[in-house]
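A short worksheet on the structure shown next.
The values are calculated or read from the model by the stated rules, or taken from the named source; none is laboratory data. As the structure is a computational prediction, the values presented were derived from the model and not from experiment. Cβ placement follows ideal geometry from the backbone for every residue including glycine, while neighbour counts extend to all protein chains displayed.
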Amino acid sequence: MAITVRNHQLDGMRGIAATIVIFYHAILHADPSLVGRVLYTPIQDLTAVRDIVTKLALTIFDGEAAVMVFFVLSGLVLHQSLQREPQGPALMISARFTIHRLFRILPAVIVCMVAAYLMWKTFALLGLSGFPDITADQLWRNALLIQITIHGPSGSVQTELAAIPILLACFFVNRRFGPFALLLCFLFTIIQVQNPVLIFRYANLWPSACAFVGGMLLALPQSKSTFARAGTGTVIACLCFFMLCRHIVPGQSIAALIAQTISCVILIGAIAYSDAPLVNSVLKSKTAQFLGRVSFSLYLLNVLVLFCLWSIPELSTPTVHALETGVLVGIAALVATLPFAYASERWIERPGIAWGRWFASWTELRPAQVPALPVRPAD
């Protein structure tokens, strides 16, 4: 049977991953040349001390790895949710699942994009420059995740929606044919990394589909029994490999991407099911739990705060002190975003989830009403 209680370790990991993304963007924006010169260059090929230190920092604040964590977590949690679905028509299950996902994701994204548009209007009204220009056409396309026009990180949110058919197909395959069939689905998603046409190249899903399906494997009872034996040493070893494997080879290595995805699945499994006191104490701390609760809105809204900070000329000019500048900007963006993320989680995300449940309830099967037969009078 799948886990039905909330896993607080995973909440904490989600919050830490969202925080990492903020620093990742802040550091790279301070010197865009870091992408080619440092980020995608193997650490052993670097010679300048500053580049090596920056590379080590980007190994910790690796936004691409953090997004992979989001996808694996989604696969695990959403498969657990689907496993709680009673037997019924596939169409009804798919409709409920899709409605839940749309109302979970779109309200916060729409509010974020509207806020970005209003901020641009405010900057223009005050005669200030530096905030990206936003047209109404760009607004609605990005708000509905049809096309990513103004908010780059929402591309991963678009991928979350694009993964809905993959998640549903793999769920029904597992329900009908069992765990080995789901494992074959995972292998198929690895094959398509080099053949994106197999999943239609949509919404940048091709490098991420295996992360979603790998997360789904973790929802199987066999995974719980396997990872329950993992201890603190296993978690730390998996974490180190996960962080380093794409930084010791050229950044576009497909083999390293697949290795990192598999190690991410192992890492999440070990964290979800093992009792590693040191790891659990960090992930279950009040700070990590708060960050986890607001992680989705934090991930969206920090971009608007960064846009405001980058409108300051001194922070928008490339600098040789990119690491120091990026860390300071990242801290400022995190602190400034948290109150808005808390408000969004409470007054946008939660109502959206409630509305999704209400609409999804319309698809639930109800007992057919059988008309009562007339009672025959007694003879």
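Identify the residue in the range 230-282 that is farther than 26 Å from residue 193 by Cβ and either in a loop (DSSP other than H, G, I, E, B) or in contact with a Pro (Cβ under 9 Å, 6 or more places away or on another chain) (or both) and, among all such residues, is modelled with the lowest pLDDT. Taking the candidates together, the pick is 276.
Scanning the range 272-323 for residues that are polar (S, T, N, Q) and closer than 14 Å to residue 26 by Cα, we see that the one that is surrounded by the most Cβ atoms within 10 Å (Cβ to Cβ) is 302. Residues that are β-branched (Val, Ile, Thr), in contact with a Phe, Trp or Tyr (Cβ under 9 Å, 6 or more places away or on another chain) and over 26 Å from residue 220 (Cβ atoms) do occur in the range 120-132, at least one of them. Look through 47, 19, 54 and report the one residue that is over 16 Å from residue 330 (Cβ atoms) and of a type in the set (S, T, N, Q). Only one candidate qualifies: 47.
Within the range 143-153, does at least one residue satisfy the condition of being surrounded by fewer than 21 Cβ atoms within 10 Å (Cβ to Cβ) and not in a loop (DSSP other than H, G, I, E, B)? No, because not a single residue in the range 143-153 is surrounded by fewer than 21 Cβ atoms within 10 Å (Cβ to Cβ) and not in a loop (DSSP other than H, G, I, E, B). In the range 29-63, of all residues being of a type outside the set (A, V, I, L, M, F, W, C) and without any contact (Cβ under 8 Å) to a residue 40 or more places away in the chain, the one that is surrounded by the fewest Cβ atoms within 10 Å (Cβ to Cβ) corresponds to 47. Do we find that residue 87 is modelled with pLDDT under 95 and either crowded, with 20+ Cβ neighbours inside 10 Å or in contact with a Cys (Cβ under 9 Å, 6 or more places away or on another chain) (or both) in this structure? Criteria not met by residue 87. If you go through the range 32-52 one residue at a time, do you hit one that is of a type in the set (Lys, Arg) and more than 25 Å from residue 299 (Cα to Cα)? Within the range 32-52, one or more residues are of a type in the set (Lys, Arg) and more than 25 Å from residue 299 (Cα to Cα).
Can you tell me which residue within the range 177-215, out of those that are modelled with pLDDT under 95 and assigned to a helix (DSSP H, G or I), is surrounded by the most Cβ atoms within 10 Å (Cβ to Cβ)? Here the answer is 203. No other residue among 109, 157, 197 is more than 27 Å from residue 255 (Cα to Cα) and out of contact with any Asp or Glu (no Cβ under 9 Å at 6 or more places or on another chain) apart from 109. Scanning the range 69-80 for residues that are closer than 19 Å to residue 303 by Cα and either aliphatic (A, V, I, L, M) or over 12 Å from the mean Cα position of the chain (by Cα) (or both) yields no hits at all. Between 38, 21, the distinction of being β-branched (Val, Ile, Thr), more than 24 Å from residue 304 (Cβ to Cβ) and at pLDDT 95 or above belongs to 38 only.
With respect to residue 20, is the statement that it is under 21 Å from residue 322 (Cβ atoms), in a helix (DSSP H, G or I), over 25 Å from the mean Cα position of the chain (by Cα) and aliphatic (A, V, I, L, M) true?
On the way: under 21 Å from residue 322 (Cβ atoms): yes; in a helix (DSSP H, G or I): yes; over 25 Å from the mean Cα position of the chain (by Cα): no; aliphatic (A, V, I, L, M): yes.
When the stated conditions are applied, residue 20 does not pass them.
What do you reckon, is residue 169 at pLDDT 95 or above, surrounded by 15 or more Cβ atoms within 10 Å (Cβ to Cβ) and within 19 Å of residue 78 (Cα to Cα)?
On the way: at pLDDT 95 or above: yes; surrounded by 15 or more Cβ atoms within 10 Å (Cβ to Cβ): no; within 19 Å of residue 78 (Cα to Cα): yes.
No; evaluated as a whole, the condition is false for this residue.
Do we have any residue at all in the range 361-377 that's over 19 Å from the mean Cα position of the chain (by Cα), at pLDDT below 95 and not in a loop (DSSP other than H, G, I, E, B)? Yes; the residues of the range 361-377 include at least one that is over 19 Å from the mean Cα position of the chain (by Cα), at pLDDT below 95 and not in a loop (DSSP other than H, G, I, E, B).
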